[in-house]
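Heads up: the structure comes next, in structure tokens.
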Amino acid sequence: MTAKEKSKFRASSKWKKFRVFKKKEQNNLDYISQRTLPKGANLHHLDEKHYDDLSPEKFVFLGKTMHKVVHFLYIYYKKDHTIIERLKEVLDRMEKYENDFKAG
């Protein structure tokens, strides 16, 4: 689907109704952070090849920043799934040092 076709599809009532449905299904929460969706949140396609397939399991609502993070990390994740383990390790260490600083 070309960018022009995607734009036309996103302007359709079918797409707009689907967005409302997904937002309600997710209780207006960002799928990853579980925080209230900000204005202008993105309905992220998990299946870019079948853009107009509105199967609910192929979409998640994400806030703009989280959406950018997912796309950025996916570039590396496709090449090396262990990136998630390393990311978790770095985040855990950050949390530990932050907690150590607060405690002492």
Across the range 24-56, what is the total count of residues that are part of a loop (DSSP other than H, G, I, E, B) and in contact with a Lys or Arg (Cβ under 8 Å, 6 or more places away or on another chain)? 8
Kindly list the number of the only condition in (1) under 19 Å from R10 (Cα atoms); (2) part of a loop (DSSP other than H, G, I, E, B); (3) open to solvent by 70 Å² or more (accessible area, probe 1.4 Å) that fails for K79. (1)
Condition met for K68 (under 25 Å from Q26 (Cα atoms), assigned to a helix (DSSP H, G or I) and out of contact with any strand residue (DSSP E or B) (no Cβ under 8 Å at 6 or more places or on another chain)): yes
If you go through the range 1-23 one residue at a time, how many are in a loop (DSSP other than H, G, I, E, B) and either surrounded by 12 or more Cβ atoms within 10 Å (Cβ to Cβ) or within 18 Å of the chain's Cα centre (by Cα) (or both)? 1
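The values are calculated or read from the model by the stated rules, or taken from the named source; none is laboratory data. Because the structure is a prediction, the values reported are computed rather than measured. Quick reminder, even Gly has a Cβ in these numbers, built from the backbone with ideal geometry, and neighbours come from all protein chains shown. Heavy atoms of the whole protein, side chains included, go into the accessibility calculation; ligands, DNA and RNA do not. Shrake-Rupley method; radii C 1.70, N 1.55, O 1.52, S 1.80 Å.
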